[in-house]
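Undergrad: Can you keep this structure in mind? I'll have questions shortly.
The values are calculated or read from the model by the stated rules, or taken from the named source; none is laboratory data. Source: prediction; values computed, not measured. Because the Cβ atoms are built from the backbone with ideal geometry, glycine has one as well, and the counts that use them run over all protein chains shown.
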Amino acid sequence: MKEITASMAGSVWKVLVQEGDQVESDQDVVILESMKMEIPIAAEDDGVVKELKVQEGDFVNEGDVLITLE
Amino acid sequence: MIKKILIANRSEIAARIIRSAKEMGIKTVAVYSEADKESPFVQMADESYLLGPSRVNESYLNVDKIIEIAKESEADAIHPGYGFLSENHLFAERCERENIRFVGPNSHVLKKMGSKIEARKIMKEAGVPVVPGTMEALDTVEEAQAFAKEIGYPVMLKASLGGGGIGMQVVNSDEELENVFLDNQKRAKQFFGDGAMFIEKKIDDARHIEVQILADQHGQVMHLFERECSIQRRNQKVIEEAPSPFISAATREKMGEAAIRAAKAVNYTNAGTVEFLVDAEENFYFIEMNTRIQVEHPITEEVTGVDLVKEQLLIASGKKLSFEKKDVTMNGHAIEARIYAEDPERFFPSPGRITRLDLPEGEHIRHEIGVSSPFQVTPFYDPMIAKLIVSGQSREEAIERMKDALNNYHIEGIKTNIPMLKTIIEHEQFKKGNTKISFVEEFYLPILKR
């Protein structure tokens, strides 16, 4: 199982995938909003979305798990 | 005269306003969010009140709460700073209704100048040159394409209510316009509540040069010369200087007159800034008017000796400006560098904990700062944490001093853009005054790739 984590503190602006989706490495999966800027978070590996750990509007800290892949 | 002022803002600008208010014997009220409770400005004010949670909608944009605190603390005026509610005509109108002085122009002026399309019309009628472009809102892609064809690509697609670089994009072709028009329209609707879009010709080799205005309620309208703010990243200013290293004395005078015409055309009062694009031949074109104090106002203060915030407070109190036109001259050169909590290469934000903060000190160095050490920089607001302002007799001297000051400016624990600022200040093209809006793209980013 692989984890996609937040690269910085911020709030979850958009979740771009759903559980069960196939994602490829470098594909944007979540957009965070931090300091008035939108920060896309991409998957580092291919995989299937196992669980969404966050919802739009949630606040996350750097390193928090956003999505797990399998 | 205002007796007690509430500052509906945060960080360095709140601190800046409190300083001038105190010097004038005006009591100060700070309002702050959860995230800002440890911020220096909260301690500086005579009184401070918690606004609410960290998110801006629940704190610095919460009009009802701000008005409630103003009444509770018996503040007779509100200074909105920049950003947040500063250009919100509904907020100004609310203050007017509640009999609280709003430090800025009246709500009608804010409303007119808030719409870029409306502002372009007013300026054109007043004989102020505007960037060639649409004078009415564009509804469809086809309309936009037809117009772009007429003036020729590349064009700038902009949102009428846009600001801070949001909703603004360079477009090079019909296809590109088709791809981005609806998307930008939708975003404008989301962000600003109105999807009105317009197109301007993209001016080649443009510089961003703006003129500071002060106007009292007794009919006095003055300009305090220009600031050049061409060094930008993500459409936001990074380094500003006064005077501009580019324009001639004749252009300076013409721009000053145009800015005064602009202010008079809307019966402007208080401090404001008329922003222009200037091309290689020194033709200048109105882009927008900022109806508030600007981030970069200190460089004008350094070269003119006028305290703009104090003048704002005098004007809002119904007083006359404290000086006459003949007394305003520009002496020496001032440069401001904005310190951002961000990665200096990708310009991504870098919130986190400041563990060390060592500032350069000196006679010619001025700090406007919103943080201390140790200090948590939160992700809720703009990444600008401080401004470093230096002045000198000449531009060369100011550049030299800025270089030294940046070398002695130490922040640890978060990433900052200080390495970028140093690179730019020491760049040959910057020293030469080749400060076009394309500077970062043309001269800074290529250095990183090497």
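Undergrad: Can you name the condition, by its number, that B:S322 falls short on among (1) on the phi < 0 side of the Ramachandran plot; (2) buried (at least 20 other Cβ atoms within 10 Å of the Cβ)?
TA: Going through (1) on the phi < 0 side of the Ramachandran plot; (2) buried (at least 20 other Cβ atoms within 10 Å of the Cβ) one by one, B:S322 breaks only (2).
Undergrad: If we scan region B:286-309, do we find a residue that is over 12 Å from B:L224 (Cβ atoms) and more than 20 Å from the chain's Cα centre (by Cα)?
TA: no
Undergrad: Being more than 23 Å from the chain's Cα centre (by Cα) and not small (G, A, S) is the filter here; which residues of region B:346-363 pass it?
TA: Taking region B:346-363 first, the residues more than 23 Å from the chain's Cα centre (by Cα) are B:352-363.
Selection gives B:R353, B:I354, B:T355, B:R356, B:L357, B:D358, B:L359, B:P360, B:E361, B:E363.
Undergrad: Sticking with this structure for a sec: Among the numbered criteria (1) away from chain A (no Cβ under 14 Å); (2) assigned to a loop (DSSP other than H, G, I, E, B), which one does B:Y49 miss?
TA: Against the list (1) away from chain A (no Cβ under 14 Å); (2) assigned to a loop (DSSP other than H, G, I, E, B), B:Y49 comes up short only on (2).
Undergrad: Name, by its number, the condition in (1) at pLDDT below 95; (2) under 26 Å from the mean Cα position of the chain (by Cα); (3) surrounded by fewer than 18 Cβ atoms within 10 Å (Cβ to Cβ); (4) not hydrophobic (A, V, I, L, M, F, W, C) that does not hold for B:E125.
TA: Unmet for B:E125, out of (1) at pLDDT below 95; (2) under 26 Å from the mean Cα position of the chain (by Cα); (3) surrounded by fewer than 18 Cβ atoms within 10 Å (Cβ to Cβ); (4) not hydrophobic (A, V, I, L, M, F, W, C): (1).
Undergrad: Could you go through region B:295-303 and let me know if any residue there is under 30 Å from A:N61 (Cβ atoms) and either in a strand (DSSP E or B) or modelled with pLDDT under 95 (or both).
TA: Checked against the condition, which is being under 30 Å from A:N61 (Cβ atoms) and either in a strand (DSSP E or B) or modelled with pLDDT under 95 (or both), region B:295-303 yields no hits at all.
Undergrad: From the list B:I389, B:I424, B:I385, B:I411, which one is within 14 Å of chain A (Cβ to nearest Cβ) and either among the β-branched types (V, I, T) or buried (at least 18 other Cβ atoms within 10 Å of the Cβ) (or both)?
TA: Numbers: B:I389 fails: within 14 Å of chain A (Cβ to nearest Cβ); B:I424 fails: within 14 Å of chain A (Cβ to nearest Cβ); B:I411 fails: within 14 Å of chain A (Cβ to nearest Cβ).
So the residue among B:I389, B:I424, B:I385, B:I411 that is within 14 Å of chain A (Cβ to nearest Cβ) and either among the β-branched types (V, I, T) or buried (at least 18 other Cβ atoms within 10 Å of the Cβ) (or both) is B:I385.
Undergrad: Does any residue of region B:202-213 turn out to be more than 22 Å from B:E282 (Cα to Cα) and touching a residue at least 12 places away in the same chain (Cβ under 8 Å)?
TA: No, the conditions are met nowhere in region B:202-213.
A quick yes/no check of all residues on (1) surrounded by fewer than 17 Cβ atoms within 10 Å (Cβ to Cβ); (2) outside the structural domain of B:K422 (by TED's automatic domain parsing); (3) of a type in the set (A, V, I, L, M); (4) closer than 26 Å to B:E345 by Cα:
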| residue | (1), (2), (3), (4) |
| --- | --- |
| B:E226 | no, no, no, no |
| B:R233 | no, no, no, yes |
| B:E241 | no, no, no, yes |
| B:I247 | no, no, yes, no |
| B:T251 | no, no, no, no |
| B:K254 | yes, no, no, no |
| B:E257 | yes, no, no, no |
| B:R261 | yes, no, no, no |
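Undergrad: Let me ask another. Restricting to region B:348-382, what's the tally of residues that are out of contact with any helix residue (DSSP H, G or I) (no Cβ under 6 Å at 6 or more places or on another chain) and facing another protein chain (nearest Cβ under 8 Å)?
TA: Adding up the residues that qualify gives 8.
Undergrad: Looking at region A:23-43, is at least one residue part of a strand (DSSP E or B), of a type outside the set (A, V, I, L, M), without any contact (Cβ under 8 Å) to a residue 24 or more places away in the chain and within 14 Å of chain B (Cβ to nearest Cβ)?
TA: Checked region A:23-43: at least one residue is part of a strand (DSSP E or B), of a type outside the set (A, V, I, L, M), without any contact (Cβ under 8 Å) to a residue 24 or more places away in the chain and within 14 Å of chain B (Cβ to nearest Cβ).
Undergrad: Does B:N9 meet the test of being closer than 19 Å to B:A271 by Cα and buried (at least 23 other Cβ atoms within 10 Å of the Cβ)?
TA: yes
Residue by residue, here is whether (1) at pLDDT below 95; (2) on the phi < 0 side of the Ramachandran plot; (3) within 14 Å of another protein chain (Cβ to nearest Cβ) holds:
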| residue | (1), (2), (3) |
| --- | --- |
| A:A9 | yes, yes, yes |
| A:W13 | yes, yes, yes |
| A:Q18 | no, yes, no |
| A:D21 | no, yes, no |
| A:D45 | yes, yes, no |
| A:V54 | no, yes, no |
| A:D58 | yes, yes, yes |
| A:N61 | yes, yes, yes |
| A:T68 | no, yes, no |
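Undergrad: Need the failing condition index for B:R395 against (1) surrounded by 21 or more Cβ atoms within 10 Å (Cβ to Cβ); (2) away from chain A (no Cβ under 14 Å); (3) not aliphatic (A, V, I, L, M), just the number.
TA: The number of the failed condition is (1).
Undergrad: Which residue, of B:P379, B:P374, is in contact with a Pro (Cβ under 8 Å, 6 or more places away or on another chain), under 29 Å from B:F41 (Cβ atoms) and assigned by TED's automatic domain parsing to the domain that holds B:L357?
TA: B:P379
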